[in-house]
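Asks: I have a structure here, written as structure tokens, and I will follow up with some questions on it.
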Amino acid sequence: MRILVCGGAGYIGSHTCAVLAGRGHELMIADSFVNSSPVVLERLGGILGSIPPSRQVDLRDPHAVASLFAGQRFDAVVHFAALKAVGESCARPLAYFDNNICGTIHLLQEMREAGVGRLVFSSSATVYGDPDAVPVREDAPLRVTNPYGRSKLVMEQLIEDLCQHDPGFRAINLRYFNPAGAHPSGRIGEDPGAEPNNLMPYISQVAIGRRKQLAVYGGDWPTIDGTGVRDYIHVMDLARAHADALEFMLREDRSATINLGTGCGISVLELIREFERASGRQVPYRIVDRRVGDVAEVYADPGLALELLGWRAELGVDAMCADAWRWQRMNPHGYAVPEVVAAAEE
Ligand code: NAD
Ligand code: WQD
């Protein structure tokens with residue numbers, strides 16, 4: 001297949017590109033690099049043997065999006081391009097609506113113009129908010145608690161409406177739980193930039209010595225050890241699910257919404273211990289107040305992914321920690337060039 005990958009230079013997008021190209025698909029990466037580095041493309045080249053073609057395009061610009069499709073034939077689009085920081089979305093809700101929702105509308109419009117009717121979309125377990133029960137099934141009530149989550153829910157709904165009313169349009173909406181880990185080569189991984197928002201990159205930066213201590217948000221949750229429980233899923237398992245979803249959509253000619261998680265909940269303290277085992281380093285931590293908007297326990301019922309895609313997570317939290325650590329050790333400052341980092345820190 002010839003696939004347009006929007007946001008393909010980002011964390012999950014780059015790993016998915018590695019898997020898709022590995023399965024023989026032909027790729028075109030479109031990214032504005034607002035939250036990623038072009039260095040990712042070279043690193044992908046190192047993994048794949050050749051650098052995948054790419055275009056610097058901001059999906060907020062409808063003309064630039066149209067130019068992506070001009071003279072090109074794509075069988076499908078995989079759409080990762082979005083801003084994803086919950087806290088930032090509360091500070092800048094309109095920027096999130098503009099980037100995520102308007103960008104997606106431009107993409108859908110140009111897909112329609114070009115006659116491309118197959119989409120795999122990155123959604124999130126954030127659409128479940130604080131679920132009534134775990135494990136969470138796809139038919140659980142949807143309730144969002146922040147503008148980022150709102151943007152994901154609106155995009156899901158726009159795409160669902162299109163699937164219902166446009167006979168030529170099919171989409172697989174993938175709701176990721178908590179992606180973690182890195183490519184086993186250590187060449188690509190998660191580079192959160194300044195202050196990490198998520199737990200695993202924060203732990204990695206403490207382990208490598210970039211940060212002194214992890215703040216654990218709450219020790220009094222009603223969970224196994226009082227800390228928050230989540231469903232961490234290896235980014236390589238996630239990447240494989242996208243390839244499986246594309247193949248399913250073309251084979252079965254249907255749309256679906258599917259959870260991607262392992263089905264296992266892990267607490268913050270359990271993850272710290274697992275990371276210490278994998279890295280041989282200590283991860284000092286301190287229990288602080290709960291983070292506003294957090295919930296006690298969220299993990300997936302991944303049954304539908306198995307039923308429809310034949311997919312299940314194969315890599316455990318040990319592999320997530322080992323691979324995240326390899327990436328962190330090989331790239332202590334992510335994709336940033338060391339001399340630039342040194343100058344900035346002076
Ligand atoms: P990321 O920030 O690493 O990747 C997103 C990519 O999209 C970046 O390369 C960024 O430069 C690009 N981008 C953003 N806005 C763009 C625009 N207007 N035009 C073109 N490119 C643009 O994030 P990620 O972790 O790889 O997440 C990928 C997708 O998965 C996102 O849609 C995110 O909301 C979703 N998701 C992520 C998580 C997570 O915890 N990482 C969980 C659930 C869902
Ligand atoms: C995990 C656990 C924290 C950081 C977020 C988004 C969600 C999705 C995935 C995009 C929680 C605890 C964290 C820290 C901590 N993203 N924690 N100290 O909140 O489950 O989900 O990322 O769609 O939308 O909300 O992930 O990694 O932030 O937190 O104690 O410094 O780690 O309280 O229990 P979360 P997370």
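The values are calculated or read from the model by the stated rules, or taken from the named source; none is laboratory data. Computed from a predicted model, the values in this text were never measured in an experiment. Backbone-built Cβ (ideal geometry, glycine too); neighbour counts: all protein chains shown.
Asks: Go through the range 100-159 and report how many residues are of a type in the set (D, E, K, R) and closer than 24 Å to GLU252 by Cβ.
Replies: Residues flagged as of a type in the set (D, E, K, R) and closer than 24 Å to GLU252 by Cβ within the range 100-159 amount to 6.
Asks: Let me ask something additional. Return the total of residues in the range 240-276 being over 18 Å from GLY316 (Cα atoms), crowded, with 19+ Cβ neighbours inside 10 Å and among the hydrophobic types (A, V, I, L, M, F, W, C).
Replies: Looking only at that region, the number is 7.
Asks: Among the numbered criteria (1) within 16 Å of ligand 1 (Cβ to nearest atom); (2) of a type in the set (S, T, N, Q); (3) modelled with pLDDT of 95 or more, which single criterion is violated by ASN197?
Replies: (3)
Asks: Here's something else I'd like to know. Out of all the residues in the range 101-131, which are under 17 Å from GLY261 (Cα atoms) and either polar (S, T, N, Q) or more than 15 Å from ligand 2 (Cβ to nearest atom) (or both)?
Replies: Listed by number, the residues that qualify are VAL120, SER122, SER123, SER124, THR126.
Asks: Would you pick out the residues in the range 48-95 that are more than 16 Å from ligand 2 (Cβ to nearest atom), hydroxyl-bearing (Ser, Thr, Tyr) and surrounded by 14 or more Cβ atoms within 10 Å (Cβ to Cβ)?
Replies: Matches in the range 48-95: SER54, SER67.
Asks: Would you mind telling me which numbered condition in (1) more than 12 Å from ligand 2 (Cβ to nearest atom); (2) surrounded by 16 or more Cβ atoms within 10 Å (Cβ to Cβ); (3) closer than 28 Å to GLY7 by Cβ SER279 fails?
Replies: Here SER279 meets the rest and fails (3).
Asks: So which residues in the range 314-324 are assigned to a helix (DSSP H, G or I) and crowded, with 16+ Cβ neighbours inside 10 Å?
Replies: Scanning the range 314-324 gives VAL317, ALA319, MET320, CYS321, ALA322, ASP323, ALA324.
Asks: Here's a follow-up. For the range 209-219, give me the residue count where each residue is surrounded by fewer than 17 Cβ atoms within 10 Å (Cβ to Cβ) and touching a residue at least 12 places away in the same chain (Cβ under 8 Å).
Replies: Residues flagged as surrounded by fewer than 17 Cβ atoms within 10 Å (Cβ to Cβ) and touching a residue at least 12 places away in the same chain (Cβ under 8 Å) within the range 209-219 amount to 4.
Asks: Pick from the range 85-119 the residues that are among the aliphatic types (A, V, I, L, M) and within 11 Å of ligand 1 (Cβ to nearest atom): which of them is nearest to PRO196 (Cα to Cα)?
Replies: ALA85
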